[in-house]
Amino acid sequence: GHVDPGEDDLQTAFRETQEEAGLQASQLTLIEGYKKELHYPVRGKPKTVIYWLAEMKDCNTEIKLSEEHQAFQWLKLEDACKFAEYEDMQATLKEVHQFLCSKE
């Protein structure tokens, strides 16, 4: 999504997570130390997407998708990489896995 007036990038991420997945910021724990920016063109214009990591406080919390989405699923790393269409997203998923493993 786009940054609304008065928001910073992280506030936008939490708002978009609520709008698109029905998860409130209070239901998530932000995992410090990881932030990733991906850059790619969309309809001929540059786009930047910023990713942070967060963990659901209760893994049984219901996901309520917006009309922008058809479905969701939880996947293991290997399956998520197969599902991801773009190499930079596959690389990001692997990088996140390494980051999380290094924190254990």
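Miscellaneous remarks
- By accessible area, using a 1.4 Å probe on protein heavy atoms only, the chain has 50% of its surface on carbon and sulfur.
- Helical contribution to [θ] at 222 nm, DSSP H n ≥ 4, -39,500 (n - 2.57), averaged over the chain, rounded to 500: -11000 deg cm²/dmol
- q = 0.18, 0.22, 0.30 Å⁻¹: log10 I(q)/I(0) that the Debye formula gives for segment 44-83, counting C-alpha atoms only: -0.89, -1.17, -1.11
- Sum of side-chain charges, Gln90 neighbourhood, beta-carbon under 14 Å (Lys, Arg +1; Asp, Glu -1): -2
- Here the spin labels are modelled as points 7 Å beyond Cα on the Cα-Cβ line, and at Leu75 and His97 they lie 1.2 nm apart.
- Sequence-distant contacts, meaning Cα pairs under 8 Å at least 6 residues apart, place the relative contact order of the chain at 22 percent.
- Cut-off 12 Å (backbone N to label point 7 Å along Cα→Cβ of Asn60), residues of segment 7-21: none
- When the Gaussian network model of the chain links Cα atoms closer than 10 Å, the mean-square fluctuations of Gln70, Gln90, Gln18 top out at Gln70.
- Taking amide H positions as modeled 1.01 Å from N, with prolines and chain starts lacking one, the residues under 5 Å from Leu53 and 5 or more places away or on another chain are Ile31, Tyr34.
The values are calculated or read from the model by the stated rules, or taken from the named source; none is laboratory data. This one's a predicted model, so the numbers in the text were calculated from it and none came from an experiment. We place every Cβ from the backbone using ideal geometry, glycine too, and count neighbours over all the protein chains shown. Please note that ligands, DNA and RNA were not included when accessible areas were found on the heavy atoms of the full protein model with its side chains. Shrake-Rupley method; radii C 1.70, N 1.55, O 1.52, S 1.80 Å.
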